[in-house]
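To start, the structure itself, in structure tokens.
The values are calculated or read from the model by the stated rules, or taken from the named source; none is laboratory data. Computed from a predicted model, the values in this text were never measured in an experiment. No Cβ is skipped: glycine too gets one built from the backbone with ideal geometry, and neighbour counts run over all protein chains shown. Protein only, heavy atoms only, side chains kept; ligands, DNA and RNA dropped before computing areas. Shrake-Rupley method; radii C 1.70, N 1.55, O 1.52, S 1.80 Å.
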Amino acid sequence: MNGQQDTFCVTGMNCSACSSRVERAVGQLPGVQNVQVNLLTGSMRVCHEETLTPQAIIAAVEAAGYGAEVMTERRPAAPAEDALKHMALRLKISLPLLTILMYFTMGHMIG
């Protein structure tokens, strides 16, 4: 069987049941040979026959209640990467403020 492989960015998945539901919805399409959904990266790799279009795959994902788009070479940042950047920024802001607060509340104990 000749086929092609496409990678999609899937949004709205929160748990393994969500990724299983997406995998099952796409796997039932005629012409799909293999589906791999990665919950952590929010991506899905589909091996399928050339007769099946990416739009049909996206429609199946949307019918399951999730969002999808074809992942380009310059892939969008995964939700986990965005959360990590946000946490790093919060840490950079919180540490100096914590130091100042500690000085004023416990400075008399230092010396």
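For segment 82-106, the set of residues classified as hydroxyl-bearing (S, T, Y) and either open to solvent by 100 Å² or more (accessible area, probe 1.4 Å) or over 33 Å from the mean Cα position of the chain (by Cα) (or both) consists of T99, Y103, T105, listed by residue number. Within segment 29-69, being among the polar types (S, T, N, Q) and under 14 Å from T11 (Cβ atoms) holds for N38, T41, S43. If you check E69 against the conditions, is it touching a residue at least 12 places away in the same chain (Cβ under 8 Å), exposed (fewer than 13 other Cβ atoms within 10 Å of the Cβ) and of a type in the set (D, E)? So E69 does not fit the description; no. Exactly one residue out of A64, A59 is among the aliphatic types (A, V, I, L, M) and out of contact with any Lys or Arg (no Cβ under 9 Å at 6 or more places or on another chain): that is A59.
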